[in-house]
Every structure is written in structure tokens, then in C-alpha cells.
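Colleague: Please see the structure below; I have some questions.
The values are calculated or read from the model by the stated rules, or taken from the named source; none is laboratory data. Note that this is a predicted model, so its numbers are computed, not measured. Cβ coordinates were reconstructed from backbone atoms using ideal geometry, including for glycine residues, and neighbour counts include every protein chain displayed. Keep in mind that these areas ignore ligands, DNA and RNA; they rest on the heavy atoms of the full protein, side chains included. Shrake-Rupley method; radii C 1.70, N 1.55, O 1.52, S 1.80 Å.
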Amino acid sequence: MERHSTSWLGVAESTLRLTPPTALLSTARSLLAEHVHARHVSLLLADYGLSVLQPVTHLPETGEVTAVRDGSPAGRAFTSQTPVVEVTDQPGIVRTHLPITARGDRIGILSVDLPESAAQGTRGVLDLATFATALGHELLVADHVTDLYLQARRRRRLTLAAEMQWQLLPGRGFETDEFTLGAHLEPAYAVGGDNFDWSVTDESLTVTVTDGQGHGIQAALLTSLTVNALRNARRAGISLEDQACLADQAVYGEYAGQVSAPTLLLRVDLATGRARAVDAGSPQLFRHRQGTVEQIELDAQLPLGMFEETQYQEEQFTLEPGDRLIIVSSGVHASRNTAGSSFGELALRETVAAARGASTHEAARAVVDGLMQHHGDEELSSDAAVLCLDWRGRTTPAA
């Protein structure tokens, strides 16, 4: 049985790779019907706000949505990132909800109705989870050549500024042996200037959070220039402080100091946990260690692009296994509600502490939820970016 399951998975993964991007769902249905006798297969994609799962029907259309946090089996599978098996009203048939995730980036849920015996076989749900992961990788590749799945994720139309920002992001999560990243951006359908970015090598992780000034298209253009300038400098292999200097020159060269891009730059050595940081503006950094939440105080330096040829200096601190870092843009820590009350450091620390038991992704979402409760509204008027890093550290030397 194990040899058979391995065999069908290999065939299935090869078939998915060769499938036209627009036919991934129909191919997945055919494969699961053939190999595990699936009766019904649904693809549910997480929307941009990570608040609902939208079943794909006739692409790019979607069916009735399922709220992520309403306690439904599909919602539990998505938030916990573990398969959930649901008993159906059909005798002998179970519905298995499988997270679709690619290297820590949560995409949605694959729901499969199949005979109970197939879900409880030698490998059962484990094989189905492997299949869902393979499908997730193909969906990410498909997004480069077709708009269908991007359209199917939308509850409503994105603003042009938001379209630009979402295309600029590396994803909403990433995972390796040493760490897990999870990030959230609001207002998801109208964000303008806030952004997060990351890149990993065998030796280090580099993270930036940018808080582009202004609103709408102008903010998105400023942030796009800043992020691409930072990427260009990073790919040149230079130090973190020199990356800040070159990005500063690029922004100043375009805007002559009329606007700036506050940015926090962070590089973590994967072998030692030693972190280097450049605080070029307003994003703030918090650390949760052994039950205590504290802000990591960095020397506030000038935002990128404010003056010509600004020089930046790195600062250092060390991460320990079990540490959680939370980086928030000014749209979080400086946000005020209609009564003029600031969300502030105390509320942030309490929210981060309350989310300690949550996953990396859900911890980032919890900060945004706390901010929305503070404002008493489902959608924020200002951009808010939250990035969460759970650090495990390296236990064995890199190959």
C-alpha cells in the first residue's frame, strides 16, 4: 500500500506540473477521483484580507464564501495549518480539508469528499496533504502567467495602488528550519504605501518593512521605488547600512526630499541569531521572549530620501530560540481612532502577549484585529503592515 501511495503521488505531481495553469483544478479533480475515489473536490482560496475562503467554481468566479474564523472545519484547517476530517451526511463518506501552503505561504484549502477507508489507509490523509502541497506550488507558478486565481481570491475590486502593492510583496509567509515568517497588510483592498519584503540565503535572512508616505498611487509609487532600490542594493551583496544609503539616494534623487520612505532594515545570521538593524524611520520592533514583551529600542535615523547622502549606522542584538519578533508600521503603533485615542505601545504589547500561543501567521493577524477593534471598524483608514518572525535557530550546520 505504501508503495502504491508513493507511486500515485509521483504520477500526480508530474501530471500537475505538465497541466496548463488554467486546468489545475479540473486535473486535480480527475487525479483524486482516479487514485482515492474522490466524490467531490473543492478549491477554496484565501482572500486578500485572509478573512474568508472563496470556493473556485468556473474561473474566475467563486461560490459562497466560508469565514476563516467562524469555527468551520475548513476555517480550522486554514488557521491551524493541519488537515481536518469532517463527517458528512453520506454514509461512509468523509470530507477532508487540507491546507494548501507553499513554503509557509498560506494559499487556501483543498476540500475532498472520499470514502472513509481512503482517508484512513496506511498513509491516508498524509498522502492527501502531500498532494495539496504540490497543488499549492503549481498555483503559485500559475499566478505568473494567468490572472484567474488572483481574480478568484478577490471579494471586491482592488484599488490600483493596492494592486501595485500586492504585486510587490514576496508573499504572506515563509518557513525554513531556522524560522517562520508571517505577515499581514491592511486595508487589504485599498492599501497604498506600506510594504514588507524578505530574502533568505544559506547564511542570513534579510527583512524590510517600509512605510511610504502619502496615500493612493503616489504612496504606492514611492514604496515601489524604495523596495526595488533596496532589492537592487541587497543583490549587490553590500552591507545593510550601505543598502539603506543607496536606497536613500534613489528616493532623494527622484523626490528631492519632498516625501520620504521610513523603513526598518533587519538582517539575521542564521547560524548565530545575531541580528543587525538599521532604523530609518517609523516602523517599530517588538520582541516576545519567555513571556515578556518589550520594544527593542533602536537609534532613530532619518527616513530614506529625506536628505541627500544620509549616512546610516547598523545596530546589533541577538535572537534566542523561541523568540518572536513583531515589526509594525506607523499605521499600527501611531494609529488613532475617531476619539483621538492612540493604539500605542501598551495595547501592542498586550496584543502580542495575548497571541503568544497562536501561530506566526495568526499572531500577525491578531495585531491587525486588535487595531481594528480599537478603531471599531472592519476596515482601516490608514495603511497597516505587521510582520511576525518566530525564531528557532540552527541546530545543525548548513549542508
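Colleague: Can you tell me the orientation of helix 125-142 relative to the chain, as the angle in degrees between its alpha-carbon axis and the longest Cα principal axis, to the nearest 10?
Modeller: So the helix axis and the longest Cα principal axis differ by about 50 degrees.
Colleague: Separate question: What GluC sites (Glu not before Pro) does the range 1-80 have in DSSP loop regions with at most 16 other beta carbons within 10 Å? Numbers along the way, then the final one.
Modeller: On the way: sites: E2, E13, E34, E61, E64; in loops: E61, E64.
Sparse-neighbourhood loop GluC sites (Glu not before Pro): E61, E64.
Colleague: Using the Karplus curve 6.51 cos²θ - 1.76 cosθ + 1.60 with θ = phi - 60°, work out ³J(HN,Hα) for each residue of the range 310-327 in order, rounded to whole Hz, and write x for Gly and Pro.
Modeller: Taking θ as phi minus 60°, the curve returns 5, 9, 10, 10, 7, 10, 10, 8, 10, 8, 10, x, x, 5, 10, 9, 10, 10 Hz for the range 310-327.
Colleague: Additional query: Could you compute Rg(Cα) / (2.2 N^0.38 Å) for the chain, with N its residue count? List each step's numbers first, then the result.
Modeller: Working: Rg = 22.0 Å, N = 399, 2.2 N^0.38 = 21.4 Å.
Expressed relative to 2.2 N^0.38 Å, the Cα Rg reads 1.03.
Colleague: Using Cα pairs under 8 angstrom and six or more residues apart, how large is the relative contact order of the range 1-124, in percent?
Modeller: Working: 193 pairs, mean separation 26.8, N = 124.
Worked out over the range 1-124, it gives 22 percent.
Colleague: OK, next. With a 1.4 Å probe and every protein chain kept in, tell me what percent of the accessible surface of the range 20-106 is carbon plus sulfur.
Modeller: Accessible surface attributable to carbon and sulfur in the range 20-106 totals 52 percent.
Colleague: Just to be sure I understand the model, the point goes 7 Å from the Cα along the line to the Cβ. What's the resulting E345 to L140 distance in nm?
Modeller: Once both label points are built, they end up 3.7 nm from each other.
Colleague: Okay, moving on. Would you please give the residues with an amide H less than 5 Å from that of R155, counting only those at least 5 places away or on a separate chain, with H modeled from the backbone geometry?
Modeller: Y48
Colleague: With label points built 7 Å along Cα→Cβ from the Cα atoms of A236 and S80, find their separation and express it in nm.
Modeller: 5.0 nm
Colleague: Residue separation times 0.36 nm, minus the C-alpha to C-alpha distance between A353 and T22: what's the value?
Modeller: So the extension gain works out to 114.9 nm.
Colleague: Something else: Quick one: accessible area per residue over the chain, 1.4 Å probe, rounded to a whole number of Å²?
Modeller: Using a 1.4 Å probe on heavy atoms only, each residue of the chain averages 44 Å².
Colleague: A follow-up question, please. Would you please give the residues with an amide H less than 5 Å from that of H40, counting only those at least 5 places away or on a separate chain, with H modeled from the backbone geometry?
Modeller: Hits under the 5 Å cutoff: D113.
Colleague: Rg and Dmax of the range 148-237 over Cα atoms: what are they, in angstrom?
Modeller: Expressed in Å, the Cα Rg and Dmax of the range 148-237 come to 14.0, 41.
Colleague: Report, in degrees rounded to the nearest 10, the 0 to 90 angle that the Cα long axis of helix 360-375 makes with the longest principal axis of the chain.
Modeller: Helix 360-375 sits roughly 60 degrees off the main axis of the chain.
Colleague: Amide H neighbours of V52 under 5 Å, counting only residues 5+ apart in sequence or on other chains, H built in-plane at 1.01 Å?
Modeller: D47, V68
Colleague: At a Förster radius of 22 Å, what calculated FRET efficiency corresponds to the Cβ-Cβ distance of A33 and L126, to the nearest 0.05?
Modeller: Details: r = 19 Å, r/R0 = 0.88.
FRET efficiency, A33 to L126: 0.70.
Colleague: Determine, from the Cβ-Cβ distance of Q313 and R274 and an R0 of 22 Å, the FRET efficiency 1/(1 + (r/R0)^6), rounded to the nearest 0.05.
Modeller: Numbers: r = 16 Å, r/R0 = 0.74.
Efficiency at R0 = 22 Å is approximately 0.85.
Colleague: Here is a further query. If the elastic network links every pair of Cα atoms under 10 Å, which of T22, T201, T62 fluctuates the most in the Gaussian network model of the chain?
Modeller: Residue with maximal mean-square fluctuation among T22, T201, T62: T201.
Colleague: To the nearest 10 degrees, how steeply does helix 216-235 sit against the main Cα axis of the chain, on a 0 to 90 scale?
Modeller: The helix 216-235 is inclined about 90 degrees to the chain.
Colleague: Follow-up question, since we're still on this one. How about the range 274-333: which GluC sites (Glu not before Pro) there are in a DSSP loop, with at most 14 other Cβ atoms within 10 Å of their Cβ?
Modeller: Details: sites: E294, E297, E308, E309, E314, E315; in loops: E297, E308, E309, E314.
Here the GluC sites (Glu not before Pro) that fit, given the DSSP loop and packing criteria, are E297, E308, E309.
Colleague: Separate question: Given the rule -39500 (n - 2.57) for each run of at least 4 DSSP H residues, summed and divided by the residues of the chain, what is its mean residue ellipticity at 222 nm, to the nearest 500 deg cm²/dmol?
Modeller: Working: 12 runs with 141 residues, N = 399.
That comes out to -11000 deg cm²/dmol.
Colleague: At most 12 other C-beta atoms within 10 Å and a DSSP loop state: those are the exposed trypsin sites (Lys or Arg not before Pro) I care about. Give me the longest piece of the chain that has none.
Modeller: 158-355
Colleague: Sticking with this one: How big is the range 169-284 by Rg and Dmax over its Cα atoms, in Å?
Modeller: Every Cα atom of the range 169-284 included, Rg and Dmax give 14.1, 43 Å.
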